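To keep things clear, I will list the structure first and then write my remarks on it.
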Amino acid sequence: GMRLIVPLGSQGQGSQALLSFGFLILAAYTVGEIATGARIPKVVGYLMSGILFGPHLLAAVTPEGIERLTPVSNLAVALIAFLAGAELRWAEVRERGVMLTKIMTAELTMAFAAITAVVSALHGFIPGLSGSSPMEVLAFSMVFASVAIVHSPAVTMALLSETGARGPVARNTLGVVLLADVAVVLLFSAVLSVARTVAPPPGLGTGSTLGGVVWEITGALFIGAILGAAVAAYMRWVGRELVFFAVLVAFFGVELARLAHVELLLTLLTAGFVTENLAAEGDELRSAMSRSAAPIFVVFFALSGAKIDMVQVLPLLPLVVPVALVRASAIWAGVRLGLRWTSGEVKGGERVWMGLVSQAGVAIGLAAILAEAYPVRGTALAGLLLALIALNETVGPILFRRALVASGEAVAEPPPEEPEATPARSRSA
């Protein structure tokens, strides 16, 4: 039906975007419910629906429709970041900040070193790297690794929302993921600058200067703090129409980050953190934001899946599987090393690595930046990265859900909803 309808609205891109948005909500939600019946996380169902109904397979959603829905993806990222920041409280940051930083440092360092080594060893089989000089191979392997080590705040938040988990495994995983997101932005920018020095790209490229990178981080903290303080003031003195206000905050944050050229995730993460710690009514806003974000999250993950071309991914699996295994092993070893470094027992710490395997939107975005900076070699590496992301965003949520269930923080199957009382009887009572 969609394939018959879409050509009729080809002249009106706005209407096509609305049609695609509505279709993805229904289709992805349905596949997510089917996935739940098979004891698979809903987010995997959403991703699979995007791959299935996207332009590369059934073509129910066109590339133009996906492009027009980019603001929806940005809105989802903003909501995810704000909700993630709102999960952090100053008392917890003070108590667990050093421990989480040690785990993150050990895990990212081991994963970065291991992936750089394996990509360098396999460079003769990787399109774009075969025939390159040793220095170029090392530089591009480091760039590849700086994207491959990225985690997924979106998948983490989606699984926590789906399972309702709030225990040590859930909170420690979320803390590591959020800290790593900031560190990876800095690492990717630095490594890409090194690659530009070793192998200058054609033209001017799109690299960031050191000053630009510093502003992206410090500016995001400054603007996010101001936005968070303003939201806290609204919650204290007004506190009405919270569902509408939650979406407005996310839209406003996206535009602020775009105009100020700062990092979107960090801006909204800071805003959520400041709001939660300044406003006593932060729980009400978080609840309203979760309700308003539900359909947007569904479409966001479906769009992430729709951007993956399985026809190009499948031939790369012989290369991707070894890299994915090395990455997962390095994350496991890095978390264990970080736990020893903390010199103390961390409850549920041995399962945190299972929540760090997932990848999604941020990694896709960094892969796109690499492809734009290097049209030939970068595009080849971006294709390999997308194949790796496709594998990790399928396996990662399943691993994280198993960790939450095994730790007792989530049930294997959600409890059945209690039937509502008959309206007439409840009113008369």
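Among the residues of the stretch 325-350, the ones that are under 28 Å from Ala78 (Cα atoms) and open to solvent by 10 Å² or more (accessible area, probe 1.4 Å) come to 1 in all.
Residues that are closer than 30 Å to His123 by Cβ and of a type outside the set (A, V, I, L, M, F, W, C) within the stretch 312-356 comprise Gln312, Pro315, Pro318, Pro322, Arg327, Ser329, Gly334, Arg336, Gly338, listed in sequence order.
Contact map, the stretch 231-247: residues that are more than 11 Å from Glu284 (Cβ to Cβ) paired with residues that are among the polar types (S, T, N, Q) and open to solvent by 30 Å² or more (accessible area, probe 1.4 Å), Cβ distance under 9 Å, separation 6+ or inter-chain. Pairs shown: Ala232/Asn277. Evaluated against (1) open to solvent by less than 60 Å² (accessible area, probe 1.4 Å); (2) in contact with a helix residue (DSSP H, G or I) (Cβ under 7 Å, 6 or more places away or on another chain), Gly124 falls short on exactly one condition, (2).
Of Ser141, Ser130, Ser73, all but one fail to be without any contact (Cβ under 8 Å) to a residue 60 or more places away in the chain and buried (at least 19 other Cβ atoms within 10 Å of the Cβ); the exception is Ser141. Among residues of the stretch 304-326 that are in contact (Cβ under 8 Å) with a residue 12 or more places away in the chain, those with a Cβ under 9 angstrom from a residue that is outside any loop (DSSP other than H, G, I, E, B) and of a type in the set (Asp, Glu), sequence gap 6+ or separate chain, pair up as Ser304/Glu393; Gly305/Glu393; Ile308/Glu393.
Take Arg258 and tell me if it is within 20 Å of the chain's Cα centre (by Cα), of a type in the set (Lys, Arg) and closer than 20 Å to Asp181 by Cβ. Taking the combined requirement at face value, the residue satisfies it. Would you mind stating whether Val321 is crowded, with 16+ Cβ neighbours inside 10 Å and at pLDDT 85 or above? For Val321, the condition - crowded, with 16+ Cβ neighbours inside 10 Å and at pLDDT 85 or above - is not met.
Would you confirm whether any residue within the stretch 88-95 is open to solvent by 50 Å² or more (accessible area, probe 1.4 Å) and at pLDDT 90 or above? Within the stretch 88-95, none of the residues are open to solvent by 50 Å² or more (accessible area, probe 1.4 Å) and at pLDDT 90 or above.
Of all residues in the stretch 149-185, exactly one satisfies the criterion of being hydroxyl-bearing (Ser, Thr, Tyr), open to solvent by 10 Å² or more (accessible area, probe 1.4 Å) and within 13 Å of Gly355 (Cβ to Cβ), namely Thr163. In the stretch 12-28, the residues that are at negative phi reach residues that are at pLDDT below 80 and not in a helix (DSSP H, G or I) with C-beta atoms within less than 9 angstrom, at least six apart or across chains, in these pairs: Gln16/Ser10. Scanning the stretch 127-170 for residues that are touching a Phe, Trp or Tyr at 6+ places or on another chain (Cβ under 9 Å), in a loop (DSSP other than H, G, I, E, B) and at pLDDT below 85 returns Gly128, Leu129, Ser132.
The values are calculated or read from the model by the stated rules, or taken from the named source; none is laboratory data. These figures come from a predicted structure and were not determined experimentally. Virtual Cβ from ideal backbone geometry, glycine too; neighbours counted across all protein chains shown. For the accessible areas, the whole protein counts, side chains as well, though only heavy atoms, and no ligand, DNA or RNA atoms are used. Shrake-Rupley method; radii C 1.70, N 1.55, O 1.52, S 1.80 Å.
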